[in-house]
Amino acid sequence: MSSVGFDTPDAAPGIRLSGARLHYEGVALFDNLSLNLPAGRTSCLLGPSGVGKSSLLALLAGLNAAAEGKIEASDGAALQGRVAWMAQQDLLLPWLNVQDNVTLGDRLRRQPPKHARRLHLLEQVGLAERADSVPAALSGGMRQRVALARTLYENQPVIFMDEPFAALDAVTRLELQDLAGGLLAGRTVLLVTHDPLEALRLGHHLLVLTGRPARISEAFAPPGMPPRAPDDPSLLALQARLLAALRRKEGA
Amino acid sequence: MGLLRAATVTLGLLLLWQALVWVTAVPPFILPSPQAVGATLVQRWPLLLGHASVTAAEILLGLLLGVLLGTIAALLLASATVLRRWLLPLLVASQAIPVFALAPLLVLWLGYGMASKVAMATLIIFFPVTAAFYDGLRRTDPGWLALAQTMGGTRYAILRHIAIPAALPAFTSGLRVATAVAPIGAVVGEWVGSSAGLGHLMLNANARMQTDLMFAALLVLTAMALLLYYAVDFLGRRLLPWLPESQPRS
């Protein structure tokens, strides 16, 4: 499909966050936190609930006015306007059909929708036949696939994902991980998740956020390239180790 | 099925009414029998229709103006922070004044004609529409707003494509309330001082002890109000098919 030229965004920059700080009702969620996201790679951020993973992601996406921190892109340009964001909720607008939800960004920027690109993405997520359906007529997995298509339609070099598959059943989640793993290639991605297997399947690098104020562990890279097979025995061994580490840190 | 139920209830109420008249043997100027009211309804139909058309015009004009002003006010409140600080307390305080108490003033200022009744209906409709729509505009899903923000939407684009469509269900509830109170505004206005309309007719009939005519006028008014309410309800469902309450009930 390279001739279509849809799926290569501008060169994806690396991202460096430093001095991140967020106080919530007098408690420091994180303070002077640093984070490195390598260019064109998927980094997965793991950690227990309430540790501040989503707040950190919102800070990077420019959605958290209460948090502060210095965000730099490796190419020196501003990050603003080069980010696509995907949340745990599909956030589909119920009054728009599937294809209009995918092209919502163009509607908001008052640009005409790119028909070919929209169709191509809907084919990739397997929903080309449902282009005219309303979200209410779709299953949870289908809705999240539309949300994935909408995220990719933005064609941004940087993608922030906040537990995008957490609300799905196990089988649907595995399918969507396969799909996302392929489609996210070449972009700088930060994927927040509480599922160690998801992180091991999709991440080039894994980061663990724990403690209060939260600290980020050394980056850890599983062998091989994502998306990794879920039944890979080495992956399962790593999952057990990762779970043990998460539990230890939570207990500490 | 619903129609059958409605017909049964109506018939039951009519029978109850008739039984009450028979058992208590009240004089007709206190409570006329259903047949007497029915006969008056047929005999005086041209008269009733003439006054009903005046009241209907007052209600519809009031609804149009009230909804228009209410919509504009809600949009202003939602989009201009400075204006909101000044306008919101004023709006809330204005609701402490009973609108009915203003009716004599409105008649004094705008005369016995239609204008004072339209103003009365507009006043009574304005607030439920403003309150409901503004509330809806304020409660946009923060996730949608965050998404729109990352997509580079301007404030205007977010209002037009996200906040307003998302607030339409709240707007239609406000519209339903407005439709229900609109006839009250018009009729109260007519009671205070008027030369035509169903309220005027009822007041005159009352003074002449033509209770059957009063009841006939009341029936026409009720039918009009119901028709209006269901028309708005139907339109709301047709225009907002994605609402859960618009789905056919199983």
Any residue in the range B:40-62 that is more than 25 Å from B:Val181 (Cα to Cα) sitting within a Cβ distance under 6 Å of a residue that is of a type outside the set (A, V, I, L, M) and open to solvent by 40 Å² or more (accessible area, probe 1.4 Å)? List the pairs, counting only those 6 or more apart or interchain.
B:Thr40/B:Asp212
Which numbered condition A:Leu92 misses (of (1) at pLDDT 95 or above; (2) in contact with a Phe, Trp or Tyr (Cβ under 6 Å, 6 or more places away or on another chain))
(2)
Give me the pairs, please: first residue somewhere in the range A:32-59 and modelled with pLDDT of 90 or more and in a helix (DSSP H, G or I), second residue anywhere and hydroxyl-bearing (Ser, Thr, Tyr) and open to solvent by 20 Å² or more (accessible area, probe 1.4 Å), beta-carbon distance under 6 Å, and either six or more positions apart or on two chains.
none
Hey, could you check the range A:109-128 for residues that are in a loop (DSSP other than H, G, I, E, B) and open to solvent by 20 Å² or more (accessible area, probe 1.4 Å) and say which is nearest to A:Ala185 (Cα to Cα)?
A:Gly126
From the options A:Ala28, A:Ala65, residue that is surrounded by fewer than 22 Cβ atoms within 10 Å (Cβ to Cβ) and either assigned to a loop (DSSP other than H, G, I, E, B) or within 14 Å of another protein chain (Cβ to nearest Cβ) (or both)
A:Ala65
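Yes/no matrix, rows are residues, columns are (1) more than 30 Å from A:Val83 (Cα to Cα); (2) open to solvent by 50 Å² or more (accessible area, probe 1.4 Å); (3) of a type outside the set (Lys, Arg):
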residue: B:Ala80; (1), (2), (3): no, no, yes
residue: B:Ile97; (1), (2), (3): yes, yes, yes
residue: B:Ala103; (1), (2), (3): yes, no, yes
residue: B:Gly111; (1), (2), (3): yes, no, yes
residue: B:Thr122; (1), (2), (3): yes, no, yes
residue: B:Thr130; (1), (2), (3): yes, no, yes
residue: B:Ala166; (1), (2), (3): no, no, yes
residue: B:Leu175; (1), (2), (3): yes, no, yes
residue: B:Ala182; (1), (2), (3): yes, no, yes
Please work out if A:Pro113 is within 14 Å of chain B (Cβ to nearest Cβ) and more than 21 Å from the chain's Cα centre (by Cα).
yes
Top-ranked residue of the range A:140-171 - restricted to ones that are of a type in the set (D, E, K, R) and not in a helix (DSSP H, G or I), ranked as modelled with the lowest pLDDT:
A:Asp169
From the list B:Leu203, B:Leu239, B:Leu228, which one is within 13 Å of chain A (Cβ to nearest Cβ) and hydrophobic (A, V, I, L, M, F, W, C)?
B:Leu239
Residue that is part of a helix (DSSP H, G or I), under 18 Å from A:Leu108 (Cβ atoms) and either among the β-branched types (Val, Ile, Thr) or in contact with a helix residue (DSSP H, G or I) (Cβ under 8 Å, 6 or more places away or on another chain) (or both), where the choices are B:Ile164, B:Ile184
B:Ile164
Complete set of residues in the range B:211-245 that are over 21 Å from the mean Cα position of the chain (by Cα), surrounded by 12 or more Cβ atoms within 10 Å (Cβ to Cβ), at pLDDT below 90 and not aromatic (Phe, Trp, Tyr)
B:Pro241, B:Leu243
Do any residues in the range A:71-95 that are within 13 Å of chain B (Cβ to nearest Cβ) and open to solvent by less than 10 Å² (accessible area, probe 1.4 Å) have Cβ atoms under 6 Å from those of residues that are at pLDDT 90 or above and in a strand (DSSP E or B), where the two are at least six apart or on different chains, and which pairs are they?
A:Ala84/A:Ile159; A:Met86/A:Met161; A:Ala87/A:Asp162
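The values are calculated or read from the model by the stated rules, or taken from the named source; none is laboratory data. Just so you know, these numbers come straight off a predicted model, no measurement behind them. Positions of Cβ are backbone-derived with ideal geometry, glycine not excepted, and every protein chain shown enters the neighbour counts. The accessibility values were calculated without ligands, DNA or RNA, using every heavy atom of the protein model including side chains. Shrake-Rupley method; radii C 1.70, N 1.55, O 1.52, S 1.80 Å.
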